[in-house]
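Structure record follows, encoded as structure tokens.
Bear in mind these aren't lab numbers, they're just calculated from the coordinates by the rules spelled out. The structure presented is a predicted model; accordingly, all values stated were derived computationally and were not measured. Cβ: placed from backbone, ideal geometry, glycine included. Neighbour counts: every protein chain shown.
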Amino acid sequence: MDSSYRKYLVPAIKEKGLALRFIGPQKDSLSAHAGYGGKNTKFLRGAIPKIYQQYPADIVLLHSGHNSFSEDKPVPGIIQDTEGIIETICTNNPNATILLAQVIPSGKLPKYSYIPELNKGLETLAKRLIAQGRKVVLVNQAEGFDWETDTVSDKVHPSASGAEKMAAKWLSALMALPQITGARKSVEDPK
């Protein structure tokens, strides 16, 4: 649990007084969620139809791209699977907003040497989907994340400092969403 950004994000959401809650088939002491450690984007694409029908979130935080191998040249497949996940969500809920993360870097090389290319591809995907009218917000989780200080000994999973950085980025993206700023305004200034 120490490497979960939710450890910092859930209390921050409560502190800000936001009417948001995590939902999903997994549960821990903090919240429900739909995070799957050790799984890749292809797995998530296969799982999302059932998960999203049972847990139709209005806002989805999507950070996926690890658990592939650089020698397999995985970027096109990860991009395709990410788009499939987003399309499944938007087909079920056209009003859903997807916060799409550019994934955190890793020092586990050469396995994850594809991550910079992936993050460029995710940026391109986000721009294309936004141009098509999808509610996608790109969240650059890679920027400012240093795998040497922000991951645990496996050089992949976030340490406490890395999880705090991720939570701060998610919170910033959430706070900028129109449905959040509008709700905050109506609570703060009910006119």
Two pseudo-spin positions, 7 Å from Cα along C-beta at Glu123 and at Gln54, lie apart in nanometres by 3.7
Measuring from the longest principal axis of the C-alpha atoms of the chain, the long axis of helix 41-54 (C-alpha) lies at a number of degrees, nearest 10, equal to 20
Net charge near Gly144 (other residues with Cβ under 14 Å of its Cβ; Lys, Arg +1; Asp, Glu -1) is -3
With R₀ set to 22 angstrom, the calculated FRET efficiency between the beta-carbons of Glu71 and Glu143, to the nearest 0.05, is 0.25
Checked segment 78-191 against the a/c 1.5 cut and the a/b vs b/c comparison, axes a ≥ b ≥ c from its Cα gyration tensor; verdict oblate
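Near His33, within a Cβ-to-Cβ distance under 12 Å, what is the net charge of the other residues, with Lys and Arg +1 and Asp and Glu -1?
After counting each charged neighbour, the total is +3.
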Rounded to the nearest 5, the percent of DSSP beta bridges in the chain running antiparallel is 25
Violations at 24 Å Cα threshold for listed pairs Lys7/Lys50; Lys120/Lys165; Lys108/Lys165; Lys14/Lys108; Lys16/Lys165 -> Lys7/Lys50; Lys14/Lys108
Along segment 130-145, Karplus-curve 3J(HN,Hα) (6.51, -1.76, 1.60; θ = phi - 60°) to the nearest Hz, with x for Gly and Pro, reads 4, 4, 7, x, 6, 8, 10, 10, 7, 10, 7, 6, 6, 5, x, 9
Note to self: C-alpha centroids of segment 100-143 and segment 2-17 sit apart, in Å, by 23
From DSSP H assignment alone, runs of 4+ in the chain each adding -39500 (n - 2.57), the sum over residues rounded to the nearest 500 puts [θ] at 222 nm at -15000 deg cm²/dmol
In Å, the Kirkwood hydrodynamic radius from C-alpha pairs for the chain sits at 17.2
Residue by residue through segment 87-98, the couplings from Karplus 6.51 cos²θ - 1.76 cosθ + 1.60 with θ = phi - 60°, in Hz, x for Gly and Pro, are 5, 4, 4, 5, 5, 6, 8, x, 8, 5, 10, 10
